[in-house]
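Engineer: This is the structure I have questions about; it appears just below.
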Amino acid sequence: MPETQADGRIYTVETLTEAPVAGDRNTIGGWPVLPGGEWPACFCGTPMVFFFQLDIPGDVPVFGGAHLLVFQCPEHDDPAFGPVQLPDRYWDAVTEPYEGRFWRFFLHTAGTPSAEADPLVDPRRLALHPAEEQVSEYGRGVAGFKVGGVPSWAQDPEHYRCSCGTDMTFLCQVPENFGFDMWPMRDRDNQAQLFLGNEVYIFACPARCHPQALWPAIQN
Ligand SMILES: [Zn+2]
Ligand SMILES: [Zn+2]
């Protein structure tokens with residue numbers, strides 16, 4: 001059975017119309033609050049697109065108070081797949097279907113806003129709203145952009161185990177074909193999307209063994 005948060009509480013994520021400013025912590029694009037200050041690059045050498053960041057609300061079990069960031073290459077954006085038992089340093093490991101890491105997730109409790117804003121994403125502020133999870137008889141939570149609760153699994157549920165031996169916990173869901181607007185690509189049919197616009201279920205290691213101990217389950 002899927003694990004639910006202690007009180008069934010989730011947070012839905014709303015995209016606001018206004019652009020963020022430096023120092024904002026709940027954003028699409030804008031200024032990432034990076035743990036080490038270094039903007040991540042894809043294995044191909046291209047600076048990654050900064051898709052979004054969220055402060056995980058304090059009452060979310062295990063991860064409350066941490067800051068989540070999601071990056072991915074603008075060119076390399078196919079879905080990623082991994083084994084149930086994730087390998088050592090899977091955040092750096094070679095990853096199918098490419099020859100190296102093409103996304104980066106971070107979950108940390110310190111950091112500073114980058115000097116530069118992301119140049120590609122049309123930036124927006126995000127707002128989190130408390131809501132109640134509703135789990136179906138098939139073990140699926142509500143759809144949409146949310147923090148906590150249960151994935152809305154488009155296919156069968158997936159499970160992953162961190163390299164440290166701890167079962168991963170669901171943290172955040174990005175719905176299918178979510179509208180991350182990219183400035184230079186806006187006129188193209190094939191706008192870059194997070195993992196090709198598939199539904200993304202971000203899992204994190206509850207042992208918090210490393211600031212990049214996160215993994216995407218990707219389905220459509
Ligand atoms: Zn790349
Ligand atoms: Zn771990």
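The values are calculated or read from the model by the stated rules, or taken from the named source; none is laboratory data. Keep in mind the model is a prediction, meaning the values are calculated, not measured. For neighbour counting, all protein chains shown are included, and Cβ atoms are generated from backbone atoms with ideal geometry for every residue, glycine included.
Engineer: From the list Phe81, Phe105, Phe50, Phe71, exactly one residue is in contact with a Gly (Cβ under 7 Å, 6 or more places away or on another chain) and under 26 Å from Asn177 (Cα atoms). Which is it?
Structural biologist: On the way: Phe81 fails: in contact with a Gly (Cβ under 7 Å, 6 or more places away or on another chain); Phe105 fails: in contact with a Gly (Cβ under 7 Å, 6 or more places away or on another chain); Phe71 fails: in contact with a Gly (Cβ under 7 Å, 6 or more places away or on another chain).
Selected residue: Phe50, the only one of Phe81, Phe105, Phe50, Phe71 that is in contact with a Gly (Cβ under 7 Å, 6 or more places away or on another chain) and under 26 Å from Asn177 (Cα atoms).
Engineer: Which is of a type outside the set (Ser, Thr, Tyr), closer than 22 Å to Pro40 by Cβ and within 16 Å of ligand 1 (Cβ to nearest atom), of Asp181, Asp122, Asp118? Show your work before the answer.
Structural biologist: Values: Asp181 fails: within 16 Å of ligand 1 (Cβ to nearest atom); Asp122 fails: within 16 Å of ligand 1 (Cβ to nearest atom).
Only one candidate passes the filter, namely Asp118.
Engineer: What's the number of the condition Tyr138 fails, among (1) over 21 Å from Ile218 (Cβ atoms); (2) exposed (fewer than 14 other Cβ atoms within 10 Å of the Cβ)?
Structural biologist: (1)
Engineer: Here's something else I'd like to know. For Gln53, indicate whether it is under 16 Å from Gln173 (Cβ atoms), in contact with a strand residue (DSSP E or B) (Cβ under 6 Å, 6 or more places away or on another chain) and not aromatic (Phe, Trp, Tyr). Give the steps one after another, and end with the answer.
Structural biologist: Values: under 16 Å from Gln173 (Cβ atoms): yes; in contact with a strand residue (DSSP E or B) (Cβ under 6 Å, 6 or more places away or on another chain): yes; not aromatic (Phe, Trp, Tyr): yes.
Here the answer is yes, as Gln53 does meet what is asked.
Engineer: Looking at the range 21-62, which of its residues are aliphatic (A, V, I, L, M) and either outside any strand (DSSP E or B) or within 16 Å of ligand 1 (Cβ to nearest atom) (or both)? Before the answer, list the steps.
Structural biologist: Let us first name the residues in the range 21-62 that are aliphatic (A, V, I, L, M), namely 21-22, 28, 33-34, 41, 48-49, 54, 56, 60, 62.
Across the range 21-62, the qualifying residues are Val21, Ala22, Ala41, Met48, Val49, Ile56, Val60, Val62.
Engineer: Criterion first (without any contact (Cβ under 8 Å) to a residue 40 or more places away in the chain, under 22 Å from Lys146 (Cα atoms) and surrounded by fewer than 19 Cβ atoms within 10 Å (Cβ to Cβ)) does Gln53 satisfy it? Give the steps one after another, and end with the answer.
Structural biologist: Values: without any contact (Cβ under 8 Å) to a residue 40 or more places away in the chain: yes; under 22 Å from Lys146 (Cα atoms): yes; surrounded by fewer than 19 Cβ atoms within 10 Å (Cβ to Cβ): no.
The answer is no for Gln53.
Engineer: Name every residue in the range 73-82 that is away from ligand 2 (no atom under 15 Å from the Cβ) and more than 18 Å from Pro40 (Cβ to Cβ), in order of residue number. Spell out how you get there, then give the answer.
Structural biologist: From the range 73-82, those away from ligand 2 (no atom under 15 Å from the Cβ) are 73-81; that's our starting set.
Listed by number, the residues that qualify are Pro79, Phe81.
Engineer: Which condition from (1) under 15 Å from the mean Cα position of the chain (by Cα); (2) within 16 Å of ligand 2 (Cβ to nearest atom); (3) among the basic types (Lys, Arg) is the one that Lys146 breaks?
Structural biologist: Lys146 satisfies every listed condition except (2).
Engineer: Moving on to the next point. Hey, could you check the range 104-125 for residues that are more than 22 Å from Pro57 (Cβ to Cβ) and not in a loop (DSSP other than H, G, I, E, B) and say which is farthest from the chain's Cα centre (by Cα)?
Structural biologist: Val121
Engineer: How many residues are at positive phi and loosely packed, with under 14 Cβ neighbours inside 10 Å if we restrict to the range 141-174?
Structural biologist: Final tally of qualifying residues: 1.
Engineer: Right, next: If you take the residues in the range 63-83 that are at pLDDT below 95, touching a Phe, Trp or Tyr at 6+ places or on another chain (Cβ under 8 Å) and hydrophobic (A, V, I, L, M, F, W, C), which one is nearest to ligand 1 (Cβ to nearest atom)?
Structural biologist: This residue is Cys73.
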